[in-house]
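Here the structure is laid out as structure tokens; the discussion comes afterwards.
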Amino acid sequence: MKRNFRSAYYESLGVERMKDLEAKMAFETALGRSHLDAKELKKLSLRFGAPPQHRELIWQVVLNVLPADRELWQFYCEQQEEHYEDIFRAATLIGFHPSRPFRSEANAGDLSAKNVPRNAVSSVQSASTLSSLVSSAADSGSPGLFGGTAIFEDINLHMKDLQTRSIAVLSALACFLHVSLERLPHPTNMLPLCRLFCAVCQSTSAAFWCTVRFIQSQARFFPSNELRILSQATELSRHLTQQEPDLSNHLRRCKVDVASTVSVWLDNYLAGYQSLSLDRLCGIFDRLIGVRPDFLVCASLAILISLKSKLMAVHDGAEVTGILSCETDNPEANSEATAKRARDFYHQLGPPAVPGSKPPVTPST
């Protein structure tokens with residue numbers, strides 16, 4: 001993306017008004033076309049973050065949930081809504097309910113092809129696998145999501161409650177992606193991710209497909225989710241040593257394994273980090289959606305450094321672990337300085353040594 005000298009100069013001086021105006025004009029131009037350019041939206045989102053009023057549309061286009069051609073949007077939305085309803089109905093036929101785990105394999109085995117939606121026959125072949133995915137998340141749901149103990153009867157029932165919609169997306173997600181479970185985050189950490197997309201997307205169907213495409217886009221760089229977490233945690237620890245050696249040495253003296261402790265951040269892509277506001281979390285995902293997984297490491301590193309003053313004041317390993325485990329509120333995680341540091345790290349740090357990953361494409365600025 002070409003930038004003139006004046007805009008770069010004003011931005012270096014911290015003139016946010018000029019930057020905001022430039023962002024507004026750039027997004028209006030990009031979104032005003034009949035055929036949207038996903039690459040252009042990625043670059044703009046990486047630099048400015050997506051405008052809240054356009055975030056859902058931008059995420060759907062960048063994640064390839066919606067095509068670039070506006071004329072096809074209605075058709076795609078209708079087809080995806082139908083497909084989502086089929087998948088969700090399959091999950092409910094297997095027996096998912098927020099107040100209990102899936103039914104037994106015997107019950108699932110009684111399902112015949114005529115009872116299963118046409119687009120979801122292949123998604124109900126392993127009830128025991130699906131059970132292990134959602135049983136732990138079911139306890140977090142709102143009782144009576146599907147109307148008491150009965151299986152969900154009205155697939156078009158309006159689900160306005162965010163937690164209710166998140167559980168619905170989680171059940172459909174488990175049903176849809178069970179063929180490649182090794183690429184999924186742990187079931188207890190998938191719910192915050194579903195909740196984020198439900199908070200951004202107006203329809204539950206759109207939230208579901210955004211969640212699916214996001215997980216698939218991130219997983220293509222790693223053979224398994226476990227390897228992703230291990231690789232990113234190792235990279236985070238290495239970069240911490242380079243950027244903040246005194247903090248790294250302090251944590252080492254406290255006998256705290258940084259890579260192991262912050263792995264829970266990486267497992268759910270920071271969606272479960274409680275100190276992050278929704279607005280700041282969306283800002284992270286604006287960048288994460290459009291680039292390779294490196295940005296997650298950069299954002300996590302920036303948050304970790306924002307905790308430096310608290311961590312350096314504590315010398316007990318258990319207390320340090322408590323701070324890193326989100327037991328202590330961290331308002332600095334939502335500061336603009338932390339967000340800027342994450343973006344700067346992304347441009348400065350080299351590509352990680354990840355087996356099977358492709359070289360990053362650094363957006364032009």
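Please treat every number below as a calculation from the coordinates, not as lab data. Since the structure is predicted, the reported quantities are computational estimates derived from the model, not experimental observations. For neighbour counting, all protein chains shown are included, and Cβ atoms are generated from backbone atoms with ideal geometry for every residue, glycine included.
Label separation (residue 315 vs residue 39): 5.6 nm, computed from points 7 Å beyond Cα along the C-beta direction.
What's the Kirkwood radius of segment 202-247 in Å, using all Cα pairs? Provide the component values of the computation, followed by the final result.
Numbers: mean 1/r = 0.0781 Å⁻¹.
Radius from the Kirkwood sum: 12.8 Å.
When the convex hull of the Cα atoms of segment 213-325 is projected onto a plane and the area is averaged over all directions, what value comes out in nm²?
Values: hull surface 27.0 nm².
Over every viewing direction, the Cα hull of segment 213-325 projects on average to 6.8 nm².
Taken along its three principal axes, the alpha carbon spread of segment 20-97 comes to 51, 27, 18 Å, from the longest extent down to the shortest. Ranked by the mean number of other Cβ atoms within 10 Å of their residues, highest first, the peptides 290-301, 308-319, 81-92, 335-346 come out as 290-301, 81-92, 335-346, 308-319. Per residue, the convex hull spanned by the alpha carbons of segment 290-335 comes to 82 Å³.
Each label was represented as a point 7 Å from its Cα along the Cα-to-Cβ direction; for residue 260 and residue 69 these points are 5.5 nm apart.
Efficiency by 1/(1 + (r/R0)^6): what FRET value for residue 274 and residue 226, r their Cβ-Cβ distance, R0 = 22 Å, to the nearest 0.05?
Working: r = 24 Å, r/R0 = 1.08.
With a Förster radius of 22 Å, E is 0.40.
The length gained by stretching the chain between residue 216 and residue 199 to full extension, at 0.36 nm per residue less their Cα-Cα distance, is 4.1 nm. Shape summary of segment 224-263, radius of gyration then Dmax from alpha carbon positions: 10.5, 33 Å.
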